[in-house]
1. Apply the Karplus parameterisation 6.51 cos²θ - 1.76 cosθ + 1.60, with θ equal to phi minus 60°, to every residue of the range 72-82 and state each ³J(HN,Hα) to the nearest whole Hz, in sequence, with x for glycine and proline.
2. Can you compute the label reach from residue 180? Point 7 Å from Cα along the Cβ direction, backbone N cut-off under 16 Å, restricted to the range 210-233.
3. If each of residue 67 and residue 301 carries a label point 7 Å out from its Cα toward its Cβ, how far apart are those two points in nm?
4. Tell me, how many Å apart are the Cα centres for the range 115-148 and for the range 229-255?
5. Going highest first, how would you order 306-319, 151-164 by mean Cβ packing within 10 Å?
6. Which distance in nm do the two modelled labels at residue 152 and residue 117 give, with both placed 7 Å along the Cα-to-Cβ direction?
7. Enumerate the calculated ³J(HN,Hα) couplings along the range 304-321 in order (Karplus 6.51 cos²θ - 1.76 cosθ + 1.60, θ = phi - 60°), each rounded to whole Hz, writing x wherever the residue is Gly or Pro.
8. In whole Hz and in residue order, list the ³J(HN,Hα) couplings for the range 264-271 that follow from phi through the Karplus curve 6.51 cos²θ - 1.76 cosθ + 1.60, θ = phi - 60°; x for Gly and Pro.
Amino acid sequence: MIWRILGTLLALTLLSGGAGAQKKKKNKKDEEPITQTLEVLADPPAATQGDSSRMVFLVSPLSNRGLLSQQAKEALNFLRKQGRGGVFLKLRALVAGRGDARRVTAIVSEQFTEWKLVIPAVAVIQVGAFALEGAQVQFEAIVEDRKTMNPNGVEFVSGKPVMKPLAEGGDINAVRPLLEEALAALPASLLAVTCFVSSIEAGAVLEQVMAAKYPGAARTLMQAQRATGSGLAHCDGIQKRSSGGAEKVILTGTVIGFGGEEKDFQLAEGRMDKLLHGQGGKLLVKKVYSVSRSVEKHFGVVRLVEGVGSNEAGFAIEAIGIIP
């Protein structure tokens, strides 16, 4: 009898142990796997501040290797090397594809986060085309160097558009004299020059015209829109100031606007003013980009472009402020 009872207890113990092991095994198997969470990228700041006496101006070379992501990363790597350890304050991304504008900002954030560098302000503008077929993006950069480069600071020069109706068939050679006229209105010496033209088909010739006048400047040339009804050349520049003291300036990204009524223009301007005042500054230079000239009734001179970063937006404002 005693041996029978002991045998029963032993069997129950073995069964209990096996069930427990199965239970533990089952629980471990039923546990939800740990999922990997991706780091949320920080957005570029709406504006940054920099010392104008230490600003240098760079532009990335055009490339047609790969798609947008590869071209953008190669361009940013080039600029990082050229920046020589300086702080990137502002990037203006010029993109040639309609769907690419929204992606560029994310690529910039990803790269600077990976490099553990402060993300600069970013302005995204969609243009018609570049001189190199297959090129989708080009960056202009403002970097704060470690040493003084411009003892008296810099001046941002806004040029006036030169326009002329083209003959039937759109003679591309007619763009050259327009570009020469636009450049002639700018100062003799520039640190950087940017030109929007109506046709880039004679791009090599137009680049030679820019290089002949400003051989040492960071030069950017692009076709403003895919199709224009008249010849156009519109150039802006940046030069060293010859006198006075260097100032601390505010560099903004783009504030995009929707609609074409007066209240829409005022709303966008109000947002830009609020941005500058929040940085403790006031407006120095304002640039307006638009897909049509209809906004000139409010803003005056605008820079015609293909898009401003959103398919629904019709114009964008980019500003440079000064801190008194």
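1. 3J(HN,Hα) across the range 72-82, in whole Hz: 5, 5, 5, 5, 5, 5, 4, 5, 4, 5, 5.
2. So the set is 210-214, 232-233.
3. Rounded to a tenth, the inter-label distance reads 3.9 nm.
4. When both Cα centres are located, 15 Å separates them.
5. Put in order of decreasing packing, that is 306-319, 151-164.
6. Label at residue 152, label at residue 117, 3.1 nm between them.
7. Along the range 304-321, the couplings run 5, 9, 7, x, 10, x, 8, 4, 8, 7, x, 8, 8, 10, 10, 9, 10, x Hz.
8. Listing the rounded values in order: 5, 5, 5, 5, 5, 5, x, 5 Hz.
Since every read-out is calculated from the coordinates, none of them should be taken as a lab result. This structure is a prediction, so every number in the text was calculated from the model and none was measured. Neighbour counts run over all protein chains shown; Cβ positions are idealised from the backbone, glycine included.
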